[in-house]
Amino acid sequence: MTAGGTTRNGRALALKDVPSLEPSQFRGWLVNGVRDKGRRVVSYFGAASNAAGGTAAEGISLVAVLADDANGRLSIARTISDGTTFESVVPEVTQAHLFEREIAEQYGVRFEGHPWPKPVRFHHSYRKGYDAWGRSVDAQIPPGVLDFFRVEGDEVHEVAVGPVHAGVIEPGHFRFQCHGEQVFHLEIALGYQHRGIERALVGGPTKRTLPYMETAAGDTTIGHAMAYAQAVEALSGAVVSAHAHAVRGIALELERLANHVGDLGALAGDIAYLPTASYCGRLRGDFLNMTAELCGSRFGRGLVRPGGVGFDLSSDQVRDLRSRLTVARTDVTEAVELLWETPSVRERFEGTGTVSPDDAEALGLVGPAARACGIQRDVRHDFPAGIYRFVHLPVMTAHHGDVNSRAYVRWLEIQQSISFILSQLDGLPANGTRAAAGAMRPDALVVALTEGWRGEICHVAMTDAAGRFSRYKIIDPSFHNWFALALALRDGQISDFPLCNKSFNLSYCGHDL
Amino acid sequence: MLKALLARAHQGHRTMAYPAGAPPPMPERFRGLPALDPAKCPEGCRSCADVCPTDAIAKDGPLALDLGRCLFCVECVTACPEAAIAFTHDTRLATRRREDLVLTGQALPLADALEGKLCRLFGRSLNLRVVSAGDCNACSSDVNVLGTVGWDVGRFGIQYVASPRHADGLLITGPVTENMRLALQRTYDAVPPPKIVIAVGACAISGGPYAGHPEQHDGASSVLPIDLFIPGCPPHPLTILDGLLRLLGRLEEQRRVPRG
Ligand code: SF4
């Protein structure tokens, strides 16, 4: 089987060193890599044909990145498609399903043999005149209008929810096929949050690039900004100081803490266990406020900058953070442990929204959703970059793949993140906020991975001959994981939907971009 | 059970004293209302305007900063050679009119309370339907946080409700993506009149970082009439609360200064 190239997290390589395979070879490499070698699709995307070093005037480039988690290696290859049709790998590689749908939508390529070729974000193709569904350039593309999977039968009914939901939450459409309370099938249609970020990134960086990164998924500002910074640093050869690496790590873990703690509170709220709901609701704010101490913004805006960080951490701040964190640790422990000691909570969490390990593997899940199925997968461990090269974090797992496991993994990670931050504060290297990130290497490509609180964030940056972005691909962890929520609901109760949804708490805007 | 009671005792009462008492302190690096000193601008200098990601700063005439576009990043402050722009700790930013958000060095005309009948109707009970229309989930989160014990907007009679039919108005975040335009319009139509609309965050006011993208509509005023603008990216919860309370005429300082 033809080999792809090999790279590592955050290492730039010349485009010419990314093996360009014939379409059939490329397909074979991808299928073989996932099916036979146990690799995982990290990213698979289209690009203008000249963006990936191709010369064909027509057609598009396809680029795929596969992860070999056990060895910390990334395998990469590309091909040129004629830009009209391509043979789907989904019959053999389930986890490519959404990637192919996305390529189809963005570049107007039809994937032959794709079992479920539907739009993802409901927009026109980037290539005028090419549309995978044969729609004209001025056709209206109403969101959420698609051929939903339907179950027929006398007692089967359909429940449609969204895009506007009951709570304060981002928009998405959920279509349930139910038999009474029982859910036979759930289909999720997103795209309502589509703001055109990837399209706007081409030709950058511009003065808007950082805001795009910081708001791609605004609750993951640090995670996405770190992946971006890592990509730019690799392409420009900037050397980040030890201080900046440590501050980034602290901020990334604070982001994890705020979200994990907030979600455990929200899970408790969804089952009306109010003590944990209210304590964690407040404690989430305490972690956001710690991030605001670092950089003035509760969401970490302005903190991560290519070349380092926008703000350093003074010794007064270190002291202050340490004492706040110590107090928060006691409060969080008390608030969360109530969950595990309350039978009514366990009764609602256990066995609800189960995803099997096989399904989790097949879908290529990432983050706590994967780890709750017993999968050892964590960028900080498998593809360490920055501070995580020096501090080795064990991967936290649970084994039932249900709401309880997802909640419990979060709790394990909360404890670990607090310890990590405290140890970083103890040995914080002095000085060095930001090194200048110079011009980026032309005709190059880099894959940058970060473990955000939802899981693996993957950015792939490609530069043109002038060292500008010819393509910038963002994969939020939610992109891998949304389908798992649909599976978690299968054969469950429709009334469990809010609880299941919150246990994943996936990003709509991070998916829709 | 005993543990739950002990935890209750230990976690204590956490609702802040504000607005009767002092607001929670802002962190040292917090960026609130910008203070402009146009007198400091060197002739022809455009350093701030050139780096502003959302073109919130105009330098065609005297220095002007549009809070409705501002992301409260630090680019302009860093770029300015004369320290003509500085972010203060002032969290009060909400206005009733879009044009009031353009700062030129004058005091920001903070939001007045709703007029007569509306104020009587909503002043002590305001039910809002929150619609995220392309927001990045940071604005949503800090709107949501007002419902937690620390902020507890319920004490002012403000509630987020599940159905537009139960609402007195909409609170909108996000630039209004094309894909949410219709849903937003329909949600608005479903709110019984009289109704109000509140735009929270740079996105909902101007499109924020996405302004100009064809995938969105540069904010909620492209679709609906707006009664209150709350700037920020995202606005601090205190800024949102301050805006809501001002709109309802619930702040002491509003009562002390009768409106003309
Ligand atoms: S204003 Fe800023 S924080 Fe609010 S939704 Fe827009 S990008 Fe996010």
Candidate set from segment B:36-47 (those that are within 24 Å of A:Gly296 (Cα to Cα) and outside any helix (DSSP H, G or I)); member that is nearest to the other protein chains (Cβ to nearest Cβ)
B:Leu36
Any residue in segment B:114-140 that is at the interface with chain A (Cβ under 7 Å from one of its Cβ atoms) sitting within a Cβ distance under 9 Å of a residue that is more than 16 Å from the ligand (Cβ to nearest atom) and part of a strand (DSSP E or B)? List the pairs, counting only those 6 or more apart or interchain.
B:Val130/B:Tyr160
Single residue of segment B:192-206 satisfying the filter (more than 14 Å from chain A (Cβ to nearest Cβ) and of a type in the set (Val, Ile, Thr)) that is nearest to the ligand (Cβ to nearest atom)
B:Ile205
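Determine if segment A:249-261 includes at least one residue that is among the polar types (S, T, N, Q) and either in contact with a Phe, Trp or Tyr (Cβ under 8 Å, 6 or more places away or on another chain) or in a helix (DSSP H, G or I) (or both). Step through it out loud before you land on a result.
First, the residues of segment A:249-261 that are among the polar types (S, T, N, Q): A:259.
Retained after the next criterion (residues that are either in contact with a Phe, Trp or Tyr (Cβ under 8 Å, 6 or more places away or on another chain) or in a helix (DSSP H, G or I) (or both)): A:259.
Yes, the conditions are met somewhere in segment A:249-261.
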Of all residues in segment A:211-227 being more than 10 Å from the ligand (Cβ to nearest atom) and in contact with an Asp or Glu (Cβ under 9 Å, 6 or more places away or on another chain), the one that is nearest to the other protein chains (Cβ to nearest Cβ):
A:Thr220
Total residues in segment B:24-74, condition surrounded by 21 or more Cβ atoms within 10 Å (Cβ to Cβ), over 21 Å from the mean Cα position of the chain (by Cα) and of a type outside the set (A, V, I, L, M, F, W, C):
0
Failed condition for B:Gly147, given (1) within 10 Å of chain A (Cβ to nearest Cβ); (2) in contact (Cβ under 8 Å) with a residue 24 or more places away in the chain, with all others met?
(2)
Filter segment A:277-319 for residues that are in a helix (DSSP H, G or I), hydroxyl-bearing (Ser, Thr, Tyr) and buried (at least 24 other Cβ atoms within 10 Å of the Cβ) and give the result.
A:Tyr279, A:Thr291
Among the listed residues A:Phe469, A:Phe420, A:Phe504, identify the single one that is under 23 Å from A:Ala362 (Cα atoms), of a type in the set (Phe, Trp, Tyr) and in contact (Cβ under 8 Å) with a residue 24 or more places away in the chain.
A:Phe504
Could you pull out the residue among B:Asp189, B:Asp218 that is within 13 Å of chain A (Cβ to nearest Cβ) and on the phi > 0 side of the Ramachandran plot?
B:Asp218
Could you grab me the full set of residues in segment B:1-35 that are touching a residue at least 24 places away in the same chain (Cβ under 8 Å) and more than 7 Å from every other protein chain (Cβ to nearest Cβ)?
B:Thr15, B:Met16, B:Tyr18, B:Pro19, B:Pro23, B:Pro24, B:Met26, B:Gly32, B:Leu33, B:Pro34, B:Ala35
All but one of (1) under 30 Å from A:Ser495 (Cβ atoms); (2) more than 10 Å from every other protein chain (Cβ to nearest Cβ) hold for A:Ser323; which doesn't?
(1)
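Quick grid of which residues meet (1) modelled with pLDDT of 95 or more; (2) more than 29 Å from A:Gln424 (Cβ to Cβ):
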position: A:Trp340; (1), (2): yes, no
position: A:Leu363; (1), (2): yes, yes
position: A:Val366; (1), (2): yes, no
position: A:Val391; (1), (2): no, no
position: A:Val403; (1), (2): yes, yes
For segment B:146-177, which positions are within 16 Å of the ligand (Cβ to nearest atom) and surrounded by fewer than 24 Cβ atoms within 10 Å (Cβ to Cβ)?
B:Leu146
Might you let me know whether segment B:127-139 holds any residue that is more than 16 Å from the ligand (Cβ to nearest atom) and in contact with an Asp or Glu (Cβ under 8 Å, 6 or more places away or on another chain)?
yes
Single condition B:Asp50 does not satisfy, out of (1) closer than 26 Å to A:Arg301 by Cα; (2) in a loop (DSSP other than H, G, I, E, B); (3) not hydrophobic (A, V, I, L, M, F, W, C):
(2)
Residues to consider are A:Gly353, A:Gly300; find the one that is within 16 Å of the ligand (Cβ to nearest atom) and in the same structural domain as A:Met226 (by TED's automatic domain parsing).
A:Gly300
Here is a check on your reading of the model: is B:Ala211 more than 8 Å from chain A (Cβ to nearest Cβ), buried (at least 24 other Cβ atoms within 10 Å of the Cβ) and at pLDDT 95 or above?
no
Can A:Asp286 be described as more than 20 Å from A:Gln416 (Cβ to Cβ) and within 14 Å of chain B (Cβ to nearest Cβ)?
no
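The values are calculated or read from the model by the stated rules, or taken from the named source; none is laboratory data. Given the structure is predicted, the values throughout are model-derived calculations rather than measurements. All Cβ positions, even for glycine, are placed from backbone atoms using ideal geometry, and neighbour counts span all protein chains on display.
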